[in-house]
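The values are calculated or read from the model by the stated rules, or taken from the named source; none is laboratory data. None of these values were measured; they are calculated from a predicted model. Counting neighbours? That spans all protein chains shown, and the Cβs are built from the backbone with ideal geometry, glycine included.
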Ligand SMILES: Cc1cc2nc3c(=O)[nH]c(=O)nc-3n(C[C@H](O)[C@H](O)[C@H](O)COP(=O)(O)OP(=O)(O)OC[C@H]3O[C@@H](n4cnc5c(N)ncnc54)[C@H](O)[C@@H]3O)c2cc1C
């Protein structure tokens with residue numbers, strides 16, 4: 001089926017859903033509360049699963065243009081000794097870290113090309129199961145489908161009573177892009193993604209383009225770095241051997257406390273919730289955006305095959321929800337390693353680096369899933 005869709009939120013989830021629906025003949029309007037696309041953060045990991053969705057949407061080239069393929073991923077301990085390393089690249093094991101701005105602009109351009117529209121400065125305050133969207137300024141709109149892709153605090157989700165719980169993970173991330181030096185491309189350290197661990201602190205370095213690298217610093221509640229301005233000296237004390245990164249980190253990065261959510265259901269009547277509104281997770285797997293894009297494409301495919309919106313949404317949730325909840329759980333648990341005793345953390349990280357079976361069932365499970373609507377996935381039943 002096809003019809004009209006009003007979507008709350010012009011982030012990754014709302015735009016991806018908009019593109020996938022508009023490409024299938026839906027009349028789509030995305031409402032973004034801000035006056036422009038909200039370019040939160042810096043770089044974004046897009047794993048194999050997200051890349052396959054972008055291919056299906058015709059946006060792969062636009063998103064990966066200028067980004068470097070990741071060829072190696074490492075984990076290192078406090079003394080810079082290797083905990084484990086794994087190769088990346090090639091069919092089935094791709095990973096890119098483009099700028100978030102590149103991803104969002106590509107999605108917005110894809111939406112426009114497919115005939116969809118973005119309305120800026122338009123906030124949806126609530127929705128009703130019969131497909132009515134209520135705006136913050138008092139307007140209403142009736143549609144065949146309303147989507148709450150309005151982030152972890154989703155007013156659309158909450159207006160329908162779909163939230164079971166929303167919990168803090170008590171962990172904090174500071175993210176920023178730094179300039180790279182040409183010689184960094186020549187060294188293994190400068191050319192690899194690396195997670196550096198010392199106690200409960202983690203520094204992530206990820207080459208993004210020839211000129212820029214993405215850096216994320218994570219710390220736990222109670223650490224003076226958590227929730228505070230960037231403190232170069234504190235991070236240098238924790239990772240003295242990473243002065244070549246730390247000295248280039250500016251103080252105007254973005255900081256976030258991590259949260260995750262669990263829902264009673266992903267839809268009510270003609271309203272669905274998507275992205276962080278439904279699957280928010282601490283970002284230790286780099287999969288929040290990837291899942292959002294997968295669920296967006298899957299939603300559009302299920303509606304295309306269904307005889308009614310309600311039937312399509314029920315089939316969509318039945319196929320995807322358990323898997324998404326598992327990924328949320330894995331991401332949360334990975335982050336909890338920061339609170340574990342050092343010996344346990346090292347044991348777990350070594351096992352995760354060494355065992356393909358463990359990886360496939362945990363930290364790489366999302367990356368290795370064939371997204372619904374892409375050639376390798378089972379077809380959606382009519
Ligand atoms: C530190 C950090 C690092 C991360 N790294 C990665 C990564 O490497 N890879 C990855 O895949 N994911 C990553 N994520 C997760 C990823 O950022 C999110 O999962 C993703 O942005 C969710 O997209 P969304 O569209 O659901 O929500 P959001 O990005 O929150 O977008 C929601 C949009 O809706 C708008 N909005 C909100 N309410 C309303 C309303 N009522 N009406 C209209 N508009 C509204 C907002 O202004 C916003 O533009 C990371 C997250 C964090 C915090």
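Being more than 16 Å from the ligand (Cβ to nearest atom), surrounded by fewer than 23 Cβ atoms within 10 Å (Cβ to Cβ) and free of Cβ contacts under 8 Å to residues at least 60 places away in the same chain: is that true of residue 85 here? So residue 85 does not fit the description; no. Just one of the numbered conditions (1) more than 9 Å from the ligand (Cβ to nearest atom); (2) over 30 Å from residue 3 (Cβ atoms); (3) part of a loop (DSSP other than H, G, I, E, B); (4) touching a residue at least 12 places away in the same chain (Cβ under 8 Å) is not true of residue 241: (3). Within segment 88-112, can you find the residues that are away from the ligand (no atom under 16 Å from the Cβ) and either under 17 Å from residue 292 (Cβ atoms) or free of Cβ contacts under 8 Å to residues at least 40 places away in the same chain (or both)? Of everything in segment 88-112, those that are away from the ligand (no atom under 16 Å from the Cβ) and either under 17 Å from residue 292 (Cβ atoms) or free of Cβ contacts under 8 Å to residues at least 40 places away in the same chain (or both) turn out to be 89, 90, 91, 112.
For segment 23-52, a tally of residues being more than 11 Å from the ligand (Cβ to nearest atom) and surrounded by 24 or more Cβ atoms within 10 Å (Cβ to Cβ) returns 3. Of the residues 226, 296, 272, the single one that is under 19 Å from residue 10 (Cα atoms), within 13 Å of the ligand (Cβ to nearest atom) and either more than 15 Å from the chain's Cα centre (by Cα) or not in a helix (DSSP H, G or I) (or both) is 272.
Pairing each residue of segment 279-298 that is over 17 Å from residue 330 (Cα atoms) and free of Cβ contacts under 8 Å to residues at least 12 places away in the same chain with any residue that is part of a loop (DSSP other than H, G, I, E, B) and near the ligand (Cβ under 8 Å from one of its atoms), provided the two are 6+ apart or on different chains, yields no C-beta distance under 7 Å.
In contact with a helix residue (DSSP H, G or I) (Cβ under 6 Å, 6 or more places away or on another chain), part of a loop (DSSP other than H, G, I, E, B) and crowded, with 19+ Cβ neighbours inside 10 Å - does that describe any residue in segment 305-326? Checking segment 305-326: at least one residue is in contact with a helix residue (DSSP H, G or I) (Cβ under 6 Å, 6 or more places away or on another chain), part of a loop (DSSP other than H, G, I, E, B) and crowded, with 19+ Cβ neighbours inside 10 Å.
Can residue 18 be described as assigned to a helix (DSSP H, G or I), within 15 Å of the ligand (Cβ to nearest atom), touching a helix residue (DSSP H, G or I) at 6+ places or on another chain (Cβ under 9 Å) and modelled with pLDDT of 95 or more? When the stated conditions are applied, residue 18 passes them.
If a residue counts only when it is over 24 Å from the mean Cα position of the chain (by Cα), which helices (runs of 4 or more DSSP H) contained entirely in segment 328-370 have at least 3 such residues? Qualifying helices (runs of 4 or more DSSP H): 342-354. Residues in segment 113-162 that are in contact (Cβ under 8 Å) with a residue 40 or more places away in the chain, over 22 Å from residue 2 (Cβ atoms), more than 9 Å from the ligand (Cβ to nearest atom) and not in a helix (DSSP H, G or I): 120, 121, 160, 161, 162.
Only residues that are assigned to a strand (DSSP E or B) and touching a strand residue (DSSP E or B) at 6+ places or on another chain (Cβ under 8 Å) were counted in segment 186-223, giving 22.
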